[in-house]
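Undergrad: Input: one structure, supplied below.
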Amino acid sequence: MRHLIFATICAGLALGACGSDTASGVPGDTKLAEMSTSEATDFCEWGIDAQGGAGAMHVCGDVTIYVQSVADCVSSFGTFPSDCAATVAQGEACIDALAADPCDLQAAACAPVYACLPQ
């Protein structure tokens with residue numbers, strides 16, 4: 001169940017900022033749980049675009065995953081515990097994996113992020 005939760009979060013996850021080392025424009029070593037609202041917005045805008053845009057639908061057998069809005073995505077970052085060690089670079093790798101195969105809810109690239117989700 002927690003994989004589906006993150007897939008939904010990721011599906012809801014900017015255009016790169018100048019000088020950044022990541023696609024979202026947020027420094028790669030920033031912890032997901034410590035992003036500012038502005039950073040979370042940039043991350044979510046990029047992630048949403050990477051997965052087909054808000055409202056995009058991915059049918060995976062009996063499960064349908066919808067890409068959520070930027071606002072919903074940004075608010076979802078409040079679900080990460082403060083001790084979550086997953087970084088923006090790891091979150092981007094997970095989104096890239098899910099964008100390539102939205103039905104691979106157990107993508108190895110997502111393991112660091114999944115570890116932060118409630119059981």
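Undergrad: Mind giving me the nanometre distance, one decimal, between the label points for S82 and A111, set 7 Å out from Cα along Cα→Cβ?
TA: That separation, rounded to one decimal, is 2.9 nm.
Undergrad: Taking amide hydrogens as modeled 1.01 Å from N in the peptide plane, which residues meet the under 5 Å criterion relative to T87, leaving out close sequence neighbours?
TA: Residues meeting the criterion, in which the H sits 1.01 Å from N, are L32.
Undergrad: What does the convex hull of the alpha-carbon atoms of segment 16-119 project to on average, in nm²?
TA: The directionally averaged projection comes out at 6.3 nm².
Undergrad: Let me ask another. Fewest to most neighbouring Cβ within 10 Å: what's the order for V113, V63, V26?
TA: V63, V113, V26
Undergrad: Residues in segment 73-102 near a label at D29, defined as backbone nitrogen under 15 Å from the 7 Å Cα→Cβ point?
TA: Hits in segment 73-102 for D29 at 15 Å: 86-90.
Undergrad: I need Y114, Y66 ordered by Cβ neighbour count within 10 Å, fewest first.
TA: Going from least to most buried by this count: Y66, Y114.
Undergrad: To make sure I understand, if each residue's beta carbon is the centre and we count other beta carbons within 10 Å, what order do S76, S36, S82 fall in, fewest to most?
TA: S82, S36, S76
Undergrad: Which length gain, in nm to one decimal place, applies between S36 and V63 when the Cα-Cα distance is subtracted from 0.36 nm times their residue separation?
TA: Value of the extension gain: 6.6 nm.
Undergrad: Classify segment 62-119 as rounded, prolate or oblate from the Cα gyration tensor: take a ≥ b ≥ c as the square roots of its eigenvalues, call it rounded if a/c is under 1.5, otherwise prolate when a/b beats b/c and oblate if not.
TA: oblate
Just so you know, all these numbers are worked out from the coordinates, no wet-lab data involved. Only a predicted model underlies this, so the values are computations on that prediction, with no experimental measurement involved. Using ideal geometry, Cβ is built from the backbone for each residue, glycine included, and neighbour counts are taken over all protein chains shown.
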